[in-house]
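Structure, as structure tokens:
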Amino acid sequence: MKLGLKHKAYIVLALMMLAAVASSMALGQSYFGAERSRVFDARRRGVDDTATSVEQLLTRGLDRLQTVAALPALAYGLQLQEQAREERQIPAWTTLHYLFFESDVFTGGVVLVNRTGQIIWSEPSDISRLDTPYTAWPRVQTALARQPDDDHAFVVERAQGAAEVLVAVALFDQQQERVGVLIGAIPVSSATVAQSLARGLLSVGGAAHLVDARGEVVASTRPRALGQRLAYWQPSDETGAGRVVTRQLPDDELLTATASVPVAGWHVVTEERAAAALADVRELYVALWVTRIVFTGIMVGVLLFVVVSFTGPVEQLTVAAERIRAGDLESEFRLDRTDELGVLAEALNGMTSSLRDQAAELERTGVLAEAASRAKTEFLAKVSHEIRTPMNGVLGMTELLLGTSLSSTQRQFATTIQRSANSLLSLINDILDFSKIEAGKVELERVVFTFKEAVHDVLAPLQEGAESKGLLLTSELPTDERRAVWGDVVRVRQVLTNIVANAIKFTAQGHVTVRVLIVEKSDAHGRVRFEVQDTGIGIAAANRDRVFEPFVQTEGSTTRLYGGTGLGLAIVRELTEQMQGTCGVESEPGKGSTFWVELPFDWATAEEAIVPDAAAPAAPARQAEGLGLRILLVEDNPVNTMLAKAMLRNLGCKVQNATNGLLALEVLNGESFDLVLMDLQMPVMGGEDASREIRRREAGRARVPVIALTASALPGDLENCLQAGMDDLLTKPYTQAQLRTVIEQWAPAHST
Amino acid sequence: MNWTAATVSALFGTRRAFAAVVLVLCPALAFAEGIEGRVTIARARDYRDAVIYLAKVPGKTFTPPAAVINVDQRNLAFQPHVIAVFAGTRVAFPNSDEVRHNVFSPTKADHFDLGSYPLGSSRSRTFDTPGIIMLLCNVHAEMSAYVIVTETPYFAVSDKDGHFLIPNVPPGQYEVIAWHERAKSVRATVTVSAGPPVPLNFELGK
């Protein structure tokens with residue numbers, strides 16, 4: 001799929017937006033994450049600190065009591081007391097007083113009880129009455145029993161909101177029997193527990209608890225929680241260092257932090273409403289989202305404006321450019337902008353204007369060129385016509401002249417005239433041919449012929465010239481020579497004639513040989529190679545490629561020596577190419593050249609090959625003398641009239657002359673003729689109109705053959721003539737032999 | 001070496017001193033037999049002052065050493081805190097403190113009171129009755145000491161790491177007792193043969 005600039009811009013825009021939002025969200029998330037972590041960390045540190053201080057307090061007290069309880073003298077003292085063997089104060093108790101006097105740990109006092117829970121000793125001495133049951137004894141005993149070694153325990157004793165942690169350490173005698181318990185009391189006020197937590201750490205409504213191993217709240221910043229169990233928390237939930245989690249309750253979300261007091265298996269637990277604890281974070285979150293949305297909106301607006309203000313004009317420009325490409329150079333493109341796009345639009349307009357001018361100029365030039373071309377063609381036609389007409393007179397008259405009795409000198413002169421005139425005619429024909437070929441006006445025919453015929457037809461007229469120079473002109477033909485092929489025999493002959501004539505011209509002595517080779521052969525097609533080998537002057541290697549170019553002869557001196565226009569080989573190449581063939585030359589200067597032409601052709605079938613054979617006998621051979629035909633010559637040019645009359649008389653024909661078509665019709669009204677020779681271009685009524693009228697009038701009657709005479713040599717002439725009802729065309733200038741051939745072909749047989 | 005020779009001669013008397021010295025001087029045979037091991041005590045800070053001793057060596061009688069062993073009273077403490085002696089050994093308790101000290105035994109098996117006496121004076125007592133004798137000071141309850149009186153001269157007191165070695169125990173099968181003031185005593189049976197000391201470890205504690 002192809003994406004337009006606008007769509008690309010939108011995609012880029014969308015990607016930018018995504019990136020912006022994503023980065024903003026990532027930043028926001030990390031920021032909120034950090035904020036959240038900060039809140040959590042503060043709680044974690046708070047409970048950790050508290051748990052550590054409680055742990056230290058309990059550990060210090062326990063160490064102290066254990067050290068003292070390990071003294072054998074105390075166990076011994078208890079034994080003595082039990083046995084009541086000593087009435088007096090036991091000395092060990094004095095030491096106890098000394099050890100625990102104003103203890104910094106056990107500010108709640110220290111008590112020694114015997115194995116039945118009777119108070120034996122206390123410090124300070126006024127906190128309990130000696131020899132009375134210790135009130136907390138059942139709880140202490142239970143707690144000790146729970147311990148694996150029942151050697152120490154922590155018991156919480158509460159009374160009217162205040163609480164004491166009793167650190168109890170058992171005393172053993174030498175048989176490791178428990179003989180008593182030493183108990184130190186540490187007041188645990190709410191302030192003690194929440195000391196570090198109450199420093200503004202917890203949000204409003206939050207609470208800090210000290211929870212014992214069984215899950216009961218031992219101390220709390222929330223007095224009514226004392227002695228209760230926490231609904232959301234079990235001691236088994238947590239161990240180790242501080243941990244902060246949110247807990248989903250049915251009606252609220254709590255943020256709790258816990259840390260353990262390992263020595264007692266207790267925990268410090270804080271609770272607060274998550275919403276309250278994270279209120280600041282949430283406010284930030286909302287504020288950031290609002291900001292993000294507002295900024296995103298602004299960004300989208302600005303970018304959309306930019307995109308539209310760029311792609312709009314660009315689209316208009318594109319449309320305008322498309323219109324110009326489609327050929328609309330008239331409409332102006334308006335873009336009311338002063339920026340680069342405006343300049344671009346102006347440039348486009350300027351470009352369109354230039355294109356408009358150029359198009360007009362081109363059109364004018366084209367018209368002129370066409371006119372010039374037409375003029376050239378017309379000129380050529382005219383010139384050829386105008387030259388051929390007098391040439392007809394010159395040649396015809398010369399021919400006639402040679403038919404009279406002349407002295408040898410006169411005959412030599414006349415022959416020279418004839419030869420010169422023939423050269424001139426051939427020159428004119430060359431020029432005309434080349435013009436036609438170059439103008440692409442050559443139309444190839446397709447007829448059945450044989451190479452033998454073609455070569456014969458080429459060599460026969462040239463034989464005389466060759467012999468006169470003392471050259472041997474021969475041909476070598478393949479065995480397939482007799483097979484008929486399809487092709488344009490006229491052009492093939494023209495090509496061969498040009499090459500052979502060229503070879504004869506440039507060969508002073510020796511021979512010229514024409515070879516025909518079938519180089520490729522299949523069932524339907526073939527390729528023939530004509531080689532014309534001479535023993536002439538040859539062509540230097542440097543010039544070999546150029547000899548086929550028009551008006552080129554190998555050396556300037558050649559022209560002087562041999563004459564010619566240099567068009568012959570150019571015509572060869574042009575015609576060869578028209579027939580899909582190739583041509584070339586191999587040569588050795590001084591020894592001779594071999595020109596070759598290769599042409600494709602199609603084999604003719606046996607049936608097709610019959611046609612020319614059948615056509616041949618259609619023209620009955622006649623004796624040259626005494627044709628005895630009545631011929632109407634329609635011709636306005638007096639010279640041509642005189643020439644034709646002379647030739648026709650030579651052929652033994654009676655001739656009547658009419659100087660235009662109208663007169664010819666009148667003559668035909670009164671008399672009948674065996675054949676009409678009709679000039680095409682005449683005053684009053686031309687040959688074509690006259691022919692049409694003749695055909696109209698003779699409808700249903702015998703058909704008189706009409707042969708057109710014309711000096712024009714343009715293609716389509718014959719076709720026009722046939723359409724006008726004429727039967728054949730004889731191009732001026734013509735020889736007596738040509739005239740005779742045509743007459744013999746068309747004159748009706750019965751007239752003899 | 002000299003210390004060992006002296007100890008041996010103190011334990012076994014001069015008659016055997018010569019033989020003992022010969023034994024000691026021959027490295028291949030020295031400490032060739034005995035009981036060696038380690039004592040661990042649950043919940044104790046260190047493993048010192050555990051006493052490991054043979055309960056009885058049947059069919060043999062030993063002569064108590066003539067030398068007197070000192071247990072000093074210094075810085076309100078008996079030093080050493082625990083000693084083991086072969087029954088019949090005499091132990092002296094000199095007072096090295098500024099205050100008066102008293103030494104008495106509340107142990108029923110060997111109940112005695114040496115009375116209290118000042119710095120520089122010393123009183124002594126011969127411990128004839130095998131058993132764990134606890135010593136206290138009437139004046140200072142935090143002071144205590146133990147004298148483990150054994151029926152054989154084969155015993156050892158563990159060091160800080162709990163390591164002990166009872167040397168030169170003749171080959172045979174014996175009951176070995178490990179004692180510590182804060183734990184119940186543990187008994188074990190061990191067979192001593194010629195060669196390196198037999199390993200024996202104890203775990204004390206409830």
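The values are calculated or read from the model by the stated rules, or taken from the named source; none is laboratory data. Here the structure is a predicted model, which is why all the values come from computation and not from measurement. We place every Cβ from the backbone using ideal geometry, glycine too, and count neighbours over all the protein chains shown.
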Out of B:Val85, B:Val99, B:Val91, which single residue is outside any strand (DSSP E or B) and aliphatic (A, V, I, L, M)? B:Val99
Check the stretch A:292-307 and report whether any residue there is in contact with a helix residue (DSSP H, G or I) (Cβ under 7 Å, 6 or more places away or on another chain), under 26 Å from A:Val39 (Cβ atoms) and touching a residue at least 40 places away in the same chain (Cβ under 8 Å). yes
Check A:Glu123 against each of (1) surrounded by fewer than 21 Cβ atoms within 10 Å (Cβ to Cβ); (2) within 14 Å of chain B (Cβ to nearest Cβ); (3) in contact (Cβ under 8 Å) with a residue 24 or more places away in the chain; (4) over 11 Å from A:Val181 (Cβ atoms) and name the one condition it does not meet. (1)
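What strands (runs of 3 or more DSSP E), lying completely within the stretch A:214-284, carry at least 2 residues that are farther than 23 Å from A:Arg158 by Cβ and of a type outside the set (Asp, Glu)? Step through it out loud before you land on a result.
Numbers: elements: A:217-220, A:243-248, A:253-261, A:266-273.
Because the criterion is at least 2 residues that are farther than 23 Å from A:Arg158 by Cβ and of a type outside the set (Asp, Glu), the strands (runs of 3 or more DSSP E) in the stretch A:214-284 that meet it are A:243-248, A:253-261.
Give the residue that is farthest from A:Leu80 (Cα to Cα), with candidates limited to residues of the stretch B:132-141 that are at the interface with another protein chain (Cβ under 7 Å from one of its Cβ atoms) and assigned to a strand (DSSP E or B).
Restricting attention to the stretch B:132-141, the residues satisfying the condition of being at the interface with another protein chain (Cβ under 7 Å from one of its Cβ atoms) are B:132, B:134, B:136, B:138-141.
From what's left, assigned to a strand (DSSP E or B): B:132, B:134, B:136.
Numbers: B:Ile132: 19, B:Met134: 15, B:Leu136: 13 Å.
Looking at the filtered set, the residue picked out is B:Ile132.
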Only one of B:Ala188, B:Ala178 is in contact (Cβ under 8 Å) with a residue 60 or more places away in the chain and either farther than 30 Å from A:Gln66 by Cβ or not aromatic (Phe, Trp, Tyr) (or both), namely B:Ala178
Selection count, the stretch B:161-177, where residues are under 28 Å from B:Met134 (Cβ atoms) and either of a type outside the set (A, V, I, L, M) or within 14 Å of chain A (Cβ to nearest Cβ) (or both): 7
Consider B:Ala183 against the criteria (1) within 14 Å of chain A (Cβ to nearest Cβ); (2) at pLDDT 90 or above: it satisfies all of them except one. Which criterion is unmet? (2)
Quick one: in the stretch A:141-159, which of the residues that are assigned to a strand (DSSP E or B) and farther than 17 Å from A:Leu182 by Cβ is modelled with the highest pLDDT? A:Val156
Any idea which residue in the stretch A:184-241 is modelled with the lowest pLDDT, counting only those that are hydrophobic (A, V, I, L, M, F, W, C) and touching a Pro at 6+ places or on another chain (Cβ under 7 Å)? A:Ala213
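Output the residue which, of all residues in the stretch A:43-74 that are of a type in the set (D, E, K, R) and within 14 Å of chain B (Cβ to nearest Cβ), is surrounded by the most Cβ atoms within 10 Å (Cβ to Cβ). Reasoning before the result, please.
Our first condition is that a residue be of a type in the set (D, E, K, R); within the stretch A:43-74, this holds for A:43-45, A:48-49, A:55, A:60, A:63-64.
In the following step, the residues that additionally are within 14 Å of chain B (Cβ to nearest Cβ) were identified as A:63-64.
Working: A:Asp63: 14, A:Arg64: 21.
Taking the candidates together, the pick is A:Arg64.
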Does A:Leu144 satisfy the criteria of being out of contact with any helix residue (DSSP H, G or I) (no Cβ under 8 Å at 6 or more places or on another chain), of a type in the set (A, V, I, L, M, F, W, C) and within 14 Å of chain B (Cβ to nearest Cβ)? yes
Residue under evaluation A:Ser405, criteria (1) exposed (fewer than 14 other Cβ atoms within 10 Å of the Cβ); (2) among the small types (Gly, Ala, Ser); (3) within 59 Å of the chain's Cα centre (by Cα), criterion not met: (3)
Only one of these conditions is not met by B:Thr189: (1) surrounded by fewer than 17 Cβ atoms within 10 Å (Cβ to Cβ); (2) touching a strand residue (DSSP E or B) at 6+ places or on another chain (Cβ under 6 Å); (3) closer than 20 Å to B:Pro80 by Cβ. Which number is it? (3)
Of all residues in the stretch B:97-119, count the ones that are away from chain A (no Cβ under 14 Å) and under 22 Å from the mean Cα position of the chain (by Cα). 2
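Under the condition of being part of a helix (DSSP H, G or I) and of a type outside the set (A, V, I, L, M, F, W, C), which residue from the stretch A:93-108 is nearest to the other protein chains (Cβ to nearest Cβ)? Talk me through it step by step, then tell me what you get.
Just the residues of the stretch A:93-108 that are part of a helix (DSSP H, G or I), to begin with: A:93-100.
Adding the requirement that they be of a type outside the set (A, V, I, L, M, F, W, C) leaves A:94-95, A:97-98.
Values: A:Thr94: 7, A:Thr95: 3, A:His97: 10, A:Tyr98: 9 Å.
By that ranking, first place goes to A:Thr95.
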Limited to the stretch A:171-182, what total is found for residues that are within 12 Å of another protein chain (Cβ to nearest Cβ) and surrounded by fewer than 24 Cβ atoms within 10 Å (Cβ to Cβ)? 7
Restricting the stretch B:195-206 to residues that are within 14 Å of another protein chain (Cβ to nearest Cβ) and surrounded by fewer than 17 Cβ atoms within 10 Å (Cβ to Cβ), the residue that is modelled with the lowest pLDDT: B:Lys206
Residue among A:Glu453, A:Glu549, A:Glu464 that is modelled with pLDDT under 85, more than 20 Å from A:Ala570 (Cα to Cα) and either touching a helix residue (DSSP H, G or I) at 6+ places or on another chain (Cβ under 8 Å) or crowded, with 20+ Cβ neighbours inside 10 Å (or both): A:Glu453
Against the condition at pLDDT below 80, in a loop (DSSP other than H, G, I, E, B) and within 13 Å of another protein chain (Cβ to nearest Cβ), how does A:Glu86 come out, does it pass? yes
I'd like the full set of residues that are acidic (Asp, Glu) and touching a strand residue (DSSP E or B) at 6+ places or on another chain (Cβ under 7 Å), limited to the stretch B:93-113. B:Asp97, B:Asp110, B:Asp113
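Taking the condition touching an Asp or Glu at 6+ places or on another chain (Cβ under 9 Å) and away from chain A (no Cβ under 14 Å), does B:Val192 pass? Working first, answer last.
Numbers: touching an Asp or Glu at 6+ places or on another chain (Cβ under 9 Å): yes; away from chain A (no Cβ under 14 Å): yes.
Yes.
With A:Tyr31, A:Tyr76 as the choices, which residue is more than 30 Å from A:Gln118 (Cα to Cα), in a helix (DSSP H, G or I), aromatic (Phe, Trp, Tyr) and touching a helix residue (DSSP H, G or I) at 6+ places or on another chain (Cβ under 9 Å)? Give the steps one after another, and end with the answer.
Numbers: A:Tyr76 fails: more than 30 Å from A:Gln118 (Cα to Cα).
On inspection, the qualifying residue turns out to be A:Tyr31.
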Which listed residue is surrounded by 14 or more Cβ atoms within 10 Å (Cβ to Cβ), away from chain A (no Cβ under 13 Å) and under 18 Å from the mean Cα position of the chain (by Cα), from B:Ser122, B:Ser158, B:Ser144: B:Ser158
Of the residues in the stretch A:348-392, those that are surrounded by fewer than 12 Cβ atoms within 10 Å (Cβ to Cβ) and closer than 30 Å to A:Thr311 by Cβ come to A:Gly350, A:Ser354
